[in-house]
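Asks: The structure is given below, and queries will be raised subsequently.
The values are calculated or read from the model by the stated rules, or taken from the named source; none is laboratory data. The structure displayed is predicted, hence computed values, not measured ones. Using ideal geometry, Cβ is built from the backbone for each residue, glycine included, and neighbour counts are taken over all protein chains shown. All accessible areas refer to the heavy atoms of the entire protein, side chains included, with ligands and DNA or RNA removed. Shrake-Rupley method; radii C 1.70, N 1.55, O 1.52, S 1.80 Å.
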Amino acid sequence: PAPISTGIVVIIVGLGIAGLTAAIECHRKGHSVIGFEKKPDPYQFGDLICLSGNSVGVLAQWDNGSVMGFLKDNRSYLHSIEAYDEAGDLKDKTPVNPDDATQGFVLRRSGLLKGLYQYAQKLGLDLRFGVQVEEYWETEGNAGVIVGKIRIGADCVIASDGVHSRARGIITGEDPAPQETGGAIFRSHFDAHLIADNPEARWILEGTAEKDRFEGYFGKNVAVMVGTLGKGQHVFWSCPHKDVKGVSEAWAQVADVNPVLEYIKDWPTGQKLAAIISKTPRGNCFNHLLLSRDPLNSWVSKGGRMIVIGDAAHPFLPHTGQGANQSIEDAAVVAICLELAGRDRIPLALRVTEKLRHKRVSVIQRGSIEVQKNDHKANWDSSNTEDRPSTAARPTWVFSHDCAKHAYEEFNIVANAITNGQDYIETNVPADGIFRRVDDYHNTTRGSN
Ligand code: FAD
């Protein structure tokens, strides 16, 4: 059945993972949606994306599970994620149940976008591709955008225009410069038939008719992740490294694989990894800088009718695999807050959204930088698990969080705190605000999560 209308009209700018999810979630909660995307279609470049239980919980509610079914059909069918040192000694093995989506899974970024877009289309949402938003405006009773000199109004604007967001500066008054983390990453994926007959490279395809592989090899300052997707149909590899000279932030910088082969040439496992990497077709390897940005002070405009979400609000390093997942949480939470606040309290809805989301993503943002540092150190002998490299940082407070349940439970508490100018103690982050890969998560003063 069609959702009961709240009468709230929402403009969404940018239809990547955050924007498409926001459009769908807003529609499901009864809001009318107008979405703008400057690209002509929803299909974007990008290799792998990891969906974890916290976002799977949102997507699994859609269309009686059919969207999740589509995404699962496009996943890497993993039974474990393995971490090795550069000598090839197995150091860590995280079991994964491929049939339990709540444990998370890896899929192609383009497959995720396709799944989201197909569902948005099925719902008949008003999504306008090939339309660039030029300006934003806000009055006491409305907010909106300017497109081709035309002013389009709504009750609020959700800006999900990505890491290079223009909305960020306009809406929040802040646009912190990206900071170098001292790291960069090569990424690639290609059709498995390119190595299927190669005796030195085809080891990665062994056994993949039944289960895919995901292996990380960690040396000092360089790691290589390698694996398969679609039960051995595709091969992917990536190489986080510290050789940042001459590399910029842009995702699609076509790169030569030779530097990667050079980094690993003295590794005992170097040859077997090089056998795969050297078969990468020209044009299929990319290298880009890993930059971070400090958390913003606020996500909401002065008038309270515009908010940034997704990468526009909080770009992440890939080391915690949460870029897409936290964007999906943002989208679900803003739709719920609008539903609970109602059309008369839009600014309150967006301010509650910010309170529910800001600290959580800021802890993960900072945590990604720590995970990156520890991966670079490759300190396998450390007695502290937090210091060791990781292919699978999966703290329960991140992975098992039910953001929708939490938003419904906390909305009134946060709304009262904002209205009365009181402090709000977040209950969806560790009490000490520290990101740990392996956590024993106990909540702050108000019971457990
Ligand atoms: P984005 O995905 O960047 O989407 C923002 C959208 O806004 C874009 O489609 C853009 O065209 C649109 N837009 C911008 N300005 C305007 C405007 N003025 N008017 C209209 N539209 C506008 N993460 C991984 O874990 N693995 C990956 O392989 C991976 N690949 C990526 C590849 C690319 C090219 C990018 C940009 C990101 C990638 N990420 C990847 C990161 C991950 O996808 C994001 O963290 C997550 O999807 C949240 O992104 P978003 O929707 O907030 O922003």
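Asks: Is the range 127-140 home to any residue that is over 17 Å from ILE12 (Cα atoms) and open to solvent by less than 40 Å² (accessible area, probe 1.4 Å)?
Replies: Within the range 127-140 (the criterion being over 17 Å from ILE12 (Cα atoms) and open to solvent by less than 40 Å² (accessible area, probe 1.4 Å)), the answer is no, since none of the residues qualifies.
Asks: Right, next: When you scan the range 384-392, do you find a residue that is open to solvent by less than 20 Å² (accessible area, probe 1.4 Å) and β-branched (Val, Ile, Thr), even just one?
Replies: No, because not a single residue in the range 384-392 is open to solvent by less than 20 Å² (accessible area, probe 1.4 Å) and β-branched (Val, Ile, Thr).
Asks: Do the conditions hold for GLN103, that is, is it polar (S, T, N, Q), over 27 Å from VAL300 (Cβ atoms) and at pLDDT 95 or above? Can you show your working first?
Replies: Working: polar (S, T, N, Q): yes; over 27 Å from VAL300 (Cβ atoms): yes; at pLDDT 95 or above: no.
It is false that GLN103 is polar (S, T, N, Q), over 27 Å from VAL300 (Cβ atoms) and at pLDDT 95 or above.
Asks: Show me the strands (runs of 3 or more DSSP E) entirely contained within the range 87-198 in which 3 or more residues are charged (D, E, K, R) and more than 16 Å from the ligand (Cβ to nearest atom).
Replies: It comes to 90-95.
Asks: Does ASN97 satisfy the criteria of being surrounded by fewer than 21 Cβ atoms within 10 Å (Cβ to Cβ) and polar (S, T, N, Q)?
Replies: Spelling it out, ASN97 is indeed surrounded by fewer than 21 Cβ atoms within 10 Å (Cβ to Cβ) and polar (S, T, N, Q).
Asks: Same structure, new question: Restricting to the range 333-353, name every residue that is in a loop (DSSP other than H, G, I, E, B) and among the β-branched types (Val, Ile, Thr).
Replies: Within the range 333-353, none qualify.
Asks: Also, quick follow-up: Given the residues LEU291, LEU340, which is the only one that is modelled with pLDDT under 90, open to solvent by 10 Å² or more (accessible area, probe 1.4 Å) and not charged (D, E, K, R)? Working first, answer last.
Replies: Working: LEU340 fails: modelled with pLDDT under 90.
Every option except LEU291 fails the conditions.
Asks: Are there any strands (runs of 3 or more DSSP E) wholly within the range 210-275 with 3 or more residues that are more than 18 Å from PRO389 (Cα to Cα) and under 24 Å from the mean Cα position of the chain (by Cα), and if so which?
Replies: Values: elements: 214-219, 222-229, 234-241.
Answer list for the range 210-275: 234-241.
Asks: Further question: Is it fair to say GLY16 is open to solvent by 10 Å² or more (accessible area, probe 1.4 Å) and within 10 Å of the ligand (Cβ to nearest atom)?
Replies: yes
Asks: Provide a single number: the residues in the range 37-64 that are out of contact with any helix residue (DSSP H, G or I) (no Cβ under 9 Å at 6 or more places or on another chain) and more than 16 Å from the ligand (Cβ to nearest atom).
Replies: So the count comes out to 1.
Asks: Given the conditions (1) in a loop (DSSP other than H, G, I, E, B); (2) touching a Phe, Trp or Tyr at 6+ places or on another chain (Cβ under 9 Å); (3) within 13 Å of the ligand (Cβ to nearest atom), report the number of the one that PRO315 does not fulfil.
Replies: Checking PRO315 against (1) in a loop (DSSP other than H, G, I, E, B); (2) touching a Phe, Trp or Tyr at 6+ places or on another chain (Cβ under 9 Å); (3) within 13 Å of the ligand (Cβ to nearest atom), the one that fails is (2).
Asks: Might you let me know whether the range 163-176 holds any residue that is hydroxyl-bearing (Ser, Thr, Tyr), touching a helix residue (DSSP H, G or I) at 6+ places or on another chain (Cβ under 7 Å), touching a residue at least 12 places away in the same chain (Cβ under 8 Å) and within 25 Å of SER110 (Cβ to Cβ)?
Replies: Yes, the range 163-176 has at least one match.
Asks: With the structure loaded, tell me whether VAL247 is touching a Leu at 6+ places or on another chain (Cβ under 8 Å), within 16 Å of the ligand (Cβ to nearest atom) and under 20 Å from LYS373 (Cβ atoms) or whether it fails that test.
Replies: yes
Residue-wise test of (1) crowded, with 24+ Cβ neighbours inside 10 Å; (2) in a loop (DSSP other than H, G, I, E, B); (3) of a type outside the set (Asp, Glu).
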position	(1), (2), (3)
ASP311	yes, no, no
SER327	yes, no, yes
ALA331	yes, no, yes
LYS355	no, no, yes
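Asks: What are the pairs, 6+ residues apart or on separate chains, where a residue within the range 249-271 that is more than 18 Å from GLU200 (Cα to Cα) has its Cβ under 7 Å from a residue that is open to solvent by 60 Å² or more (accessible area, probe 1.4 Å) and within 16 Å of the ligand (Cβ to nearest atom)?
Replies: Filtered contacts from the range 249-271: TRP251/PHE45; ALA252/PHE45.
Asks: Separate question: Go over the candidates THR94, THR139 one by one and state the one that is under 23 Å from ASP375 (Cβ atoms) and either among the hydroxyl-bearing types (Ser, Thr, Tyr) or at pLDDT below 95 (or both). Show your work before the answer.
Replies: Details: THR139 fails: under 23 Å from ASP375 (Cβ atoms).
After applying the criteria, what remains is THR94.
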